[in-house]
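These notes concern the structure reproduced below.
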Amino acid sequence: MRVLVTGGCGYIGTHTVLQLVTAGHDVVVVDDFSNASPAVIPRLEELADRPIPVHRFTLEDRARTDHLLATERVDAVIHFAGFKAVGESVAHPISYYRNNIGATLSLLEAMSAHDVHRLVFSSSATVYGADATPPFTEDLPTSATNPYGWTKVMIEQIMRDLAVSDPQWRIALLRYFNPVGAHPSGRIGEDPSGIPNNLLPFIAQVAVGRRDRLLIFGDDYDTVDGTGVRDFIHVDDLALGHVAALEALGHRDEAVNTWNLGTGQGTSVRQLLRAFEKACGRELPYAVAPRRPGDIATSYADPTRAHRDLRWEATRSIDDICASAWAWQSANPHGYQA
Ligand code: UDP
């Protein structure tokens with residue numbers, strides 16, 4: 001297939017581009033570089049061993065999005081492009097709704113106009129809200145606790161409505177748990193701008209000396225050691241889940257398919273810190289701080305449906321995750337910035 005990857009220069013996008021190419025697909029990328037570096041492109045091309053066409057504009061631009069779908073004859077789209085910082089979404093809700101929903105509407109219009117009906121969407125386990133009991137199954141009701149989460153809930157609904165209106169659509173809603181780690185080459189990885197919001201990039205930056213110490217947000221949760229528990233999934237496993245979903249859509253009767261992409265295993269903040277210390281070979285400074293508002297104690301997937309329908313499962317371990325994240329961070333202490 002020839003696949004358009006929106007947000008294809010971001011963290012999950014780049015890893016998915018490589019897995020698509022390895023699986024024999026052709027890739028076209030669109031990215032506005034609002035949260036990605038153009039420096040990733042030569043690295044991606046070197047790892048893919050071929051040129052990767054990259055279009056630079058925002059999908060909010062309906063005319064350019066339509067033109068892209070009119071001129072690049074693609075068979076399917078994987079839609080990653082979107083803002084993703086929870087705290088920023090609370091501070092700037094309108095920009096989150098405008099960007100995430102506006103871009104999606106523009107993309108869906110262009111796909112409809114040019115007869116492209118196969119779509120994989122980057123959703124999130126955040127749609128399970130604050131009250132569900134893990135393991136989370138796809139049938140749970142959806143909800144959110146911040147504007148970022150609501151954009152995921154709303155976009156899922158828009159896609160379901162669209163599929164009702166036209167039976168040609170085949171859509172995968174992929175609900176990610178906590179994507180972490182990096183390509184084993186150490187050439188591409190997660191490169192957050194500013195202070196990392198997420199746990200693993202923060203630990204990795206402590207390990208290279210960019211941050212003094214990790215703050216553990218709460219050690220009084222009802223969990224194995226009091227710290228939060230999450231389902232950390234290696235980004236290459238996640239990327240392979242996209243390839244499996246994309247290919248499965250070709251023989252699915254269901255127009256809309258919702259699949260959790262997680263390992264099914266919970267790991268605590270302290271456990272992840274210890275695994276990273278093993279990978280980098282030294283103890284890392286930390287302090288316990290108050291709980292972060294909005295956090296839940298425990299989140300992990302029930303990945304049964306993806307195993308059954310996609311014959312996909314995560315195979316990389318927490319040690320693989322930490323080793324690959326350390327390979328990336330130690331070789332690129334300041335990310336893509338030279
Ligand atoms: N966390 C932490 N310190 C940090 C960042 C995160 O203790 O600097 C904790 C957080 O409270 C949660 C877990 O790590 O229990 C995962 O947080 P992250 O932001 O990576 O993912 P999410 O909250 O989306 O699951």
Taking segment 98-107 as the search range and keeping residues that are farther than 17 Å from residue 246 by Cβ and of a type outside the set (Ser, Thr, Tyr), which one is surrounded by the fewest Cβ atoms within 10 Å (Cβ to Cβ)? 98
Filter segment 235-263 down to the residues that are touching a His at 6+ places or on another chain (Cβ under 9 Å) and within 16 Å of the ligand (Cβ to nearest atom) and list them by number. 235, 238, 261, 263
What number of residues within segment 285-309 are within 12 Å of the ligand (Cβ to nearest atom), within 15 Å of residue 205 (Cα to Cα) and part of a loop (DSSP other than H, G, I, E, B)? 0
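In contact with a Leu (Cβ under 7 Å, 6 or more places away or on another chain), touching a residue at least 12 places away in the same chain (Cβ under 8 Å), under 18 Å from residue 260 (Cβ atoms) and not aromatic (Phe, Trp, Tyr): which single residue out of 127, 120, 116 fits that description? First the steps, then the outcome.
Working: 127 fails: in contact with a Leu (Cβ under 7 Å, 6 or more places away or on another chain); 116 fails: under 18 Å from residue 260 (Cβ atoms).
After ruling out the rest, the residue left standing is 120.
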Yes or no: residue 17 assigned to a strand (DSSP E or B) and out of contact with any His (no Cβ under 9 Å at 6 or more places or on another chain)? no
For segment 147-166, indicate whether the set of residues that are within 19 Å of the chain's Cα centre (by Cα) and within 11 Å of the ligand (Cβ to nearest atom) is non-empty. yes
Of the numbered conditions (1) more than 14 Å from residue 206 (Cα to Cα); (2) away from the ligand (no atom under 16 Å from the Cβ), residue 267 satisfies every one except a single condition; which is it? (2)
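Residue 327 - would you say it is away from the ligand (no atom under 12 Å from the Cβ), closer than 18 Å to residue 201 by Cβ and in contact (Cβ under 8 Å) with a residue 60 or more places away in the chain? So that I can check it myself, show each step before the final result.
On the way: away from the ligand (no atom under 12 Å from the Cβ): yes; closer than 18 Å to residue 201 by Cβ: yes; in contact (Cβ under 8 Å) with a residue 60 or more places away in the chain: yes.
Here the answer is yes, as residue 327 does meet what is asked.
Provide a single number: the residues in segment 50-80 that are free of Cβ contacts under 8 Å to residues at least 24 places away in the same chain and either assigned to a loop (DSSP other than H, G, I, E, B) or more than 17 Å from residue 102 (Cα to Cα) (or both).
The qualifying residues number 2.
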As an exercise: evaluate residue 326 against (1) exposed (fewer than 15 other Cβ atoms within 10 Å of the Cβ); (2) closer than 30 Å to residue 27 by Cα and give the number of the one condition it does not meet. (1)
Just name the residue that is nearest to residue 188 (Cα to Cα) out of those in segment 46-97 that are crowded, with 19+ Cβ neighbours inside 10 Å and aromatic (Phe, Trp, Tyr). 80
Across segment 170-226, which residue is farthest from the ligand (Cβ to nearest atom) among those that are surrounded by 22 or more Cβ atoms within 10 Å (Cβ to Cβ) and among the charged types (D, E, K, R)? 170
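Output the residues belonging to segment 21-45 that are assigned to a helix (DSSP H, G or I), surrounded by fewer than 24 Cβ atoms within 10 Å (Cβ to Cβ) and not charged (D, E, K, R). Let's see the steps before the verdict.
Pass one, segment 21-45, residues assigned to a helix (DSSP H, G or I): 21-22, 40-45.
Now narrow it down to the ones that are surrounded by fewer than 24 Cβ atoms within 10 Å (Cβ to Cβ): 21-22, 41-43, 45.
Passing the criteria: 21, 22, 41, 42.
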Condition test on residue 202, is it out of contact with any Gly (no Cβ under 9 Å at 6 or more places or on another chain) and not charged (D, E, K, R)? yes
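Values in this text are rule-based calculations from the coordinates and carry no lab data. These figures come from a predicted structure and were not determined experimentally. No Cβ is skipped: glycine too gets one built from the backbone with ideal geometry, and neighbour counts run over all protein chains shown.
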